[in-house]
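The values are calculated or read from the model by the stated rules, or taken from the named source; none is laboratory data. Treat the numbers as computed from the prediction; the structure is a model and nothing was measured. Backbone-built Cβ (ideal geometry, glycine too); neighbour counts: all protein chains shown. With ligands, DNA and RNA removed, areas are computed over all heavy atoms of the protein, side chains included. Shrake-Rupley method; radii C 1.70, N 1.55, O 1.52, S 1.80 Å.
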Amino acid sequence: MESDERYMWMALDLARKAWGKTNPNPMVGAVLVKDGEVVGTGYHHRAGEPHAEIIALKEAGEKARGATLYTNLEPCSHFGRTPPCTEALIEAGIRKVVMATCDPNPVVAGNGAARLKEAGIKVKEGVLEEKAKRLNEIFFKYIISGTPFVVVKTAMTMDGKIATATGKSRWITGKKSRIFVHRLRSMCDGIMVGINTVLQDNPSLDVRLEGEAESSNPIRIIVDSEGKLPLDAVVVKTASQHKTILATTDRAPEQKLASLRSRGVEVLVLPAKNEQVDLHALMRALGQQEISILLVEGGGTLNYSLLEQNLIDKLYCFIAPLLFGGRDAPTPLEGVGIMEPDQAWAVENMEIKQLENDLLIIGYPVRREDIVHRAGGGTGRNSEPAALI
């Protein structure tokens, strides 16, 4: 392996240590190398704290002068929550910067590299670029579109049921899978369900992992176009301690919305589409609240609506070795569905894990009509999946 790639892998591995902690910032790692020796390393721990480059410079001290910096993302050149990294690199006497990819943020977008070159620092771009983009797929989606990266999680039996015909679903998957899901929740900014899930299961939608801090709980979002959310639901009773958003329309009674607000629920009255909450408007509203990654644990109706409107970025599908049967038992995707097999959504770049007796399939849904066929297949996405955990 070329030395540039070897040190960039180190930067990527450092960046991964902050999974779920830097939102809405990207995950960034930095490695300083001088005369073939690593003299400083660092990674961005969370938003508002020093960037990876600054931590690496501090560790290297005077050894940073004349060194080469390897980082998976273009150094920032603007004042945000922290000062610009480019100026610190220039002041430290860095000789060369090797970066995987430019920052898609319009505030940075090439300006960091330009500032370094202007100061006489050599800049090399594109080392392990696709790997770096996949690592920060959440950040890239959010910073470019202003809307969250949407992850849909489902748990079903081998015959495709997410509950029995009577609506019972606890528990389809085993303990290890459920721990995995709580860890996934802790890495997300928001968790969303439809009103039917609340009415059926009355979930708490929190993180229950030993040693996890309360602050790791994602914001709860309930999609409820008619304001049916019960005042005695767990998510309402705990809304004053755990931020909860009701996404609704003007079909919801104002008196009910006032009662929910008085209990600490934040109410978003959004435009309606086909008498339901306009999901595109909802995504824009959640993006404005700095929700960069949204986990959806809804039922078949909400899941299908998101899929139909091309709003799902990634799927986490758990399959348990159980058989429920029942023509009325719910499935992960309901709605109208397609009429012909060639209208289907494809799921690409799949990764399969085994968690005790359960299988977990991770993939990216792409409507078949949108697939760009190339020699050998594929859509141009990075062929190497990168699971959140």
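Points worth noting:
- Each residue, D232 and R367, gets one label point 7 Å from its Cα in the Cβ direction; the gap between the two is 4.4 nm.
- With a Förster radius of 56 Å applied to the beta-carbon distance between R16 and E275, the computed FRET efficiency rounds to 0.85.
- Label assignment, volume of the Cα convex hull per residue in Å³ derived from the structure, set [x] 153; [y] 162; [z] 139: [y]
- Coordinate range along principal axes, alpha carbons of segment 173-260, Å, largest first: 41, 26, 20
- Calculated [222 nm] ellipticity per residue, helices only, for the chain: -7500 deg cm²/dmol; basis is -39500 (n - 2.57) per DSSP H run with n ≥ 4, divided by all residues, nearest 500.
- Sites I338 and H182, calculated FRET efficiency, Cβ-Cβ separation with R0 45 Å, nearest 0.05: 0.85
- Length-normalised contact order for segment 1-80 - Cα pairs under 8 Å, 6+ apart - percent: 30 percent
- Rg and Dmax of segment 54-180, both derived from C-alpha coordinates alone, stand at 21.9, 69 Å.
- Crossing angle, helix 3-16 versus the chain [Cα axis fit, 0-90 degrees, rounded to tens]: 40 degrees
- Once the 1.4 Å probe is applied to the protein heavy atoms, segment 1-73 comes out at 44 Å² accessible per residue.
- Once the Cα-Cα distance is subtracted from the 0.36 nm per residue extended length, the E2 to I352 segment shows a gain of 123.0 nm.
- Measuring between alpha carbons in the structure, the pairs from K63/K122; K133/K314; K168/K237; K153/K353; K228/K273; K96/K141 lying more than 20 angstrom apart are K168/K237; K96/K141.
- Note on L323 and E125: the model spin-label points, each 7 Å out from Cα along the C-beta direction, lie 5.7 nm apart.
- What the Cβ-Cβ distance of A165 and R261 gives, at R0 = 45 Å and to the nearest 0.05, is a FRET efficiency of 0.75.
- Accessible surface of segment 215-276 [probe 1.4 Å, protein heavy atoms]: carbon and sulfur percent: 47 percent
- Among L205, L69, L270: highest mean-square fluctuation, GNM of the chain, C-alpha pairs under 10 Å: L270
- Taking the chain as a Gaussian network of alpha-carbon nodes connected by springs under 10 Å, the highest mean-square fluctuation of the residues T248, T166, T101 belongs to T166.
- For the chain, relative contact order (Cα pairs under 8 Å, six or more residues apart, normalised by length) works out to 15 percent.
- Scattering profile of segment 120-276 at q = 0.08, 0.16, 0.19 Å⁻¹ [log10 I(q)/I(0), Debye over alpha-carbon scatterers]: -0.32, -1.06, -1.32
- Highest mobility in the GNM of the chain, judged by mean-square fluctuation with C-alpha springs under 10 Å and restricted to V223, V97, V150, is found for V97.
- For segment 286-350, the share of accessible area belonging to carbon and sulfur comes to 53 percent (1.4 Å probe, ligands and nucleic acids excluded).
- Calculated from backbone phi, Karplus (6.51, -1.76, 1.60) coupling profile of segment 29-41 in Hz, x at Gly/Pro: x, 9, 10, 9, 10, 9, 6, x, 10, 6, 10, x, 9
- Simple label model, 7 Å out from Cα along Cβ direction - S145 to K96, nm: 3.8 nm
- Peptides 185-193, 2-10, 331-339, 23-31 ordered by average Cβ neighbours within 10 Å, highest first: 23-31, 185-193, 2-10, 331-339
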